1. Once amide H atoms are placed 1.01 Å from N in the peptide plane, what residues at a sequence separation of 5 or more from F63, or on another chain, have their amide H within under 5 Å of its amide H?
2. Starting from the Cα gyration tensor of the range 3-76, multiply each eigenvalue by 5, take the square root, and state the resulting semi-axes largest first in whole Å.
3. Hey, what do the phi angles of the range 67-77 turn into as Karplus ³J(HN,Hα) couplings, whole Hz, using 6.51/-1.76/1.60 and θ = phi - 60°, x for Gly and Pro?
4. What relative contact order, as a whole-number percentage, does the chain give when Cα pairs under 8 Å and 6 or more residues apart are counted?
5. Once you have the Cα-Cα distance between L3 and E24, take 0.36 nm times their residue separation minus that, and quote the gain in nm to one decimal.
6. What ranking of I38, I57, I22 emerges when the number of other C-beta atoms within 10 Å of each C-beta is taken as an exposure proxy, fewest first?
7. Which far-off residues, 5 or more places away or on another chain, put their amide H under 5 Å from the one on Y33, with H placed in the peptide plane?
8. Could you work out how far apart the two model spin labels at Q34 and I57 are, taking each label as a point 7 Å from the Cα in the direction of the beta carbon, and quote it in nm?
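Readers should treat all values here as calculations from the given coordinates under stated rules, not as data from a laboratory. Note that the structure is predicted; figures quoted are calculated from it, not measured. A quick note on method: Cβ atoms are made from the backbone with ideal geometry, for glycine too, and the neighbour counts reach across all protein chains shown.
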Amino acid sequence: MPLVTLYTRKGCCLCDEAKHVIAEARRRAEFNYQELDIDADPELRRLYNDQIPVIAIDGVPAFRYRVGIQELLRKLA
């Protein structure tokens with residue numbers, strides 16, 4: 001089963017939008033999900049500070065900033 005990881009931080013409006021898209025995708029497809037706060041890890045902050053939200057599928061970044069439900073479902077298929 002794929003693992004979707006959302007790299008996020010508090011106060012990120014685009015991250016909130018990404019969470020809604022991921023929640024809708026979970027109603028339509030099966031995948032594991034985790035959220036990682038980039039501010040809790042200096043290496044993640046260095047990698048993604050100006051790019052969040054970043055959505056990775058099985059460890060590979062697939063989306064930055066915005067994601068659509070259809071695009072996410074297509075990558076999960």
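1. Amide H neighbours of F63, under 5 Å, 5+ apart: I55.
2. Here the semi-axes work out to 20, 12, 10 Å.
3. Listing the rounded values in order: 9, x, 4, 5, 5, 5, 4, 5, 5, 7, 6 Hz.
4. Computed over the chain, the figure is 42 percent.
5. 6.0 nm
6. I57, I22, I38
7. Placed amide hydrogens put V4 under 5 Å from Y33.
8. In this crude label model, Q34 to I57 measures out at 1.9 nm.
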